[in-house]
Every structure is written in C-alpha cells, then in structure tokens.
Amino acid sequence: MTGILQIIADVLVVSGIAAGLALLLVLAERVLVRYGECRIRMNAERELAVQGGRSLLEALVNEKLFIPSACGGRGTCGYCKVRVLDGAGPLLPTEEPYLTADERAAGVRLSCQVRIRNDLRIELPPELLAVREYACVCGGIADLTHDIKQVRLELSAGETLPFTPGQYVQLLTPPYNGVREEVYRAYSVASDPADTAAVELIIRLVPGGICTTYVFEHLKQGDTVRINGPYGEFRLSDTDAPVVFIAGGSGMAPIKSMLHAMRNSGSARQATYFFGVNKEEDLFLVELMREFEAHLPAFRFVPVVAQPGAGSGWSGETGLVTEAVRRHLRDGRGCEAYLCGSPGMIDAAVAVLRELGTPADKIYYDKFA
C-alpha cells in the first residue's frame, strides 16, 4: 500500500512540475519575446495590423471580429475554427481531436490555439463577419431553480438582434474580485424570436465557473453588459416530420425558443418534448410548457423526474429521460430529434434514438461541455 501511495505522490509531483514549466514557457513568451506588429490578411480584402504574441482568437476579438468560443479560448470546445491559409505553423496536439481530416486538409485551425508570430492569411465565413456586439441592460433576473436563473438582457433603444431559434450568443463577463480579464461564455438564446429588442438566457450555476459566478453573485438588474452574436447552426428544420425534443436543465433554452416560434406560426407539426431532471424541485417553466400545449394541438410536454422524493405524490414519468423516450417513442423512423444538454445525456439519447430507428442525419444537438 505504501508503494502505491509513493507512486501516486511521484506522479503528482511530476505532473505539477510539468504544469509549472508549461506556465513558465507561456509567461516567458508573453514577457520576453517581442514579435512586434504582425499583419492578418482576411478574405483577401481586408488587412489588420495586430500585436504579435497573442492568440488569433484574441486578436480578432480585439478588432471586433467575434469568433464563437464556448470555452472562452481554452481549447476545449472546438468552436473557434478559422481557415488559415498561411503563417500558422504546425497543427498542435490540442487541436487534433476537434478537426476532421477534411478540415485539416483545408487549413482549418482552432483560432485560440494559433499564436501570432508572423503575418497570417485567413478566411472567415460571411456569417461571422455579420456578427455584432451589443450593449444591453439587465432587465431582470428570475430564479427558476436553486441553481438556474433566467436573465433578460434588453438592447439599447432602437436596436434589434434578429436570431434563429437554436442559436446562441456570447456573454462578456467583466473583471471582478480575483478575475482580472474579460471572459466570454456562450449561452443559447431562450427568448421568443418575435422579441428582437431583448435576449433571454437560461444559465445554470457551474461551481467555480467565472461567468456563472458573476451572473449568480454579482450581476444586478440595471447593470450594463455586453453580448455578441448570434452564432450557430442548431435550428428547427422546415419540414413536416414529427419532432422529438430532449433536454435537461439549462438545455431548456433553445427548445423553449423553438416552441415560441412554433406557437407564433400556428404550427400543426407533431412534437414531443422530453425534459429530464433529478428531483421535482428541479422542474421549471412547467406552466409555460402547458401553455404551449394549449396553443399547439400536436405538441406534448413530458417532464421526467429521475428520483422523485419519498411520499411526494409524483405521478409522472420517472427514471432517466432516455428511458422515457424509449417507452413513449417505440419507433423513431421518420422523426427528427433535437437535443440539448450535457455530453453524457446527448450520447445516451443518440444511442436510444438510433436503436429506435431515427436516422443519424436527423438527430441534431447542442452539447454543453
């Protein structure tokens, strides 16, 4: 037993030394190495002069060119993809898991991992060039559960933010307490797309999370915040195929927005929404879902409580949300599925849907890493 403990201790020491050396290398590059001014040639029509040594993502954001980055530039989400035609250097191991063979061949890189050391040539898709930054006022914060809040951000007078239900925005967290730098985090838009003068977000508290801690402990009604967007290709298709929505927790956000859009258009499309939570107290916006049922005759809301409290009287679906899907759906052929939640829930839902016959190319999802 002593030998095992010694091995664990040695591994921890080596890991700590390696992490410390990596940090020292990053700091040394920032402090000691001066790359001077570098130029970024973008889409063969615009040139930016930027200071070398920073990441491509950071440099573009400073120029008000917003690239999606759900992880805030830590290289863990794989969203900040940019085609680099020249000057980026070799592909890094931190990028490889997020790039397909075709993307690598086309020069696609994670912009947060590309360090600007010389002139670059890049290509951005037109939709990203249309992304804007907005100054908003926090119009209200509602407690949906003990760890989920709904935040309403109102745009400046006369401004609008058109979006497609399923898309997301990035919320800028300003410096606070020990947080010294501004940080972006991505959140799906939860609001009615007809309400373009404001954006509603459903945010779940992540222990130690920079942005969620700011929202839960520091953001107040009347505060000014900045967002940019919209981003994303997650959206409801324009077909008549029956819809299966599956979500858990704050994954409610894009599904809620899609349901607003269906109600606005008077949709007669068959749709079932399976919403999974751990306890009954984790359920929220149930009354709104019942309103959607009243306005959409082919829509059904199925809340699923994994572990109802003893003697609670809960008479609805229990167990895992995927188990409820299997009990109700039976045959997924011809359906389209829209999923939003944790990676584990998404993977389990995809497996069940595939078992039930739903084609892989008809399963759409947003994973929250």
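The values are calculated or read from the model by the stated rules, or taken from the named source; none is laboratory data. Computed from a predicted structure; not experimentally measured. Glycine gets a Cβ as well: all are built from the backbone with ideal geometry, and neighbour counts include every protein chain shown.
Quick look at the numbers
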read-out: Any hit, segment 285-296, residues being at pLDDT 95 or above, more than 17 Å from HIS260 (Cα to Cα), surrounded by 13 or more Cβ atoms within 10 Å (Cβ to Cβ) and hydrophobic (A, V, I, L, M, F, W, C); value: no
read-out: Single residue of LEU236, LEU259 found to be outside the structural domain of LEU153 (by TED's automatic domain parsing), surrounded by 21 or more Cβ atoms within 10 Å (Cβ to Cβ) and either without any contact (Cβ under 8 Å) to a residue 60 or more places away in the chain or in contact with a Pro (Cβ under 6 Å, 6 or more places away or on another chain) (or both); value: LEU259
read-out: Members of segment 168-181 found to be surrounded by fewer than 21 Cβ atoms within 10 Å (Cβ to Cβ) and within 18 Å of the chain's Cα centre (by Cα), listed by number; value: LEU172
read-out: Matching residues, segment 92-122, being within 30 Å of THR196 (Cβ to Cβ) and more than 22 Å from the chain's Cα centre (by Cα); value: none
read-out: Segment 177-203 residues that are under 16 Å from GLU154 (Cβ atoms) and modelled with pLDDT of 90 or more, paired with ones that are among the basic types (Lys, Arg) and assigned to a strand (DSSP E or B) (beta carbon under 6 Å, 6 or more apart); value: ALA198/ARG152; GLU200/ARG152
read-out: Residue within segment 38-50 that is modelled with pLDDT of 90 or more, small (Gly, Ala, Ser) and closer than 22 Å to GLU103 by Cβ present; value: no
read-out: Residue identified as more than 22 Å from GLY313 (Cα to Cα) and not assigned by TED's automatic domain parsing to the domain that holds HIS146 among ARG290, ARG300, ARG269; value: ARG269
read-out: Pairs with Cβ under 7 Å, 6+ apart, first in segment 287-303 and farther than 12 Å from PHE275 by Cβ, second among the acidic types (Asp, Glu); value: PHE299/GLU293
read-out: Residue list for segment 70-122, restricted to those being among the polar types (S, T, N, Q) and crowded, with 19+ Cβ neighbours inside 10 Å; value: SER111, GLN113
read-out: Restricting segment 70-109 to residues that are acidic (Asp, Glu) and assigned to a helix (DSSP H, G or I), the residue that is nearest to ILE203 (Cα to Cα); value: GLU96
read-out: Unique residue being farther than 30 Å from GLY209 by Cα and assigned to a loop (DSSP other than H, G, I, E, B) when the list is ARG121, ARG117; value: ARG117
read-out: Failed criterion for TYR273 (all others in (1) free of Cβ contacts under 8 Å to residues at least 40 places away in the same chain; (2) surrounded by fewer than 20 Cβ atoms within 10 Å (Cβ to Cβ); (3) not acidic (Asp, Glu) hold); value: (2)
read-out: Filter pass, GLN307 being modelled with pLDDT under 95, among the polar types (S, T, N, Q) and in contact with a Lys or Arg (Cβ under 9 Å, 6 or more places away or on another chain); value: yes
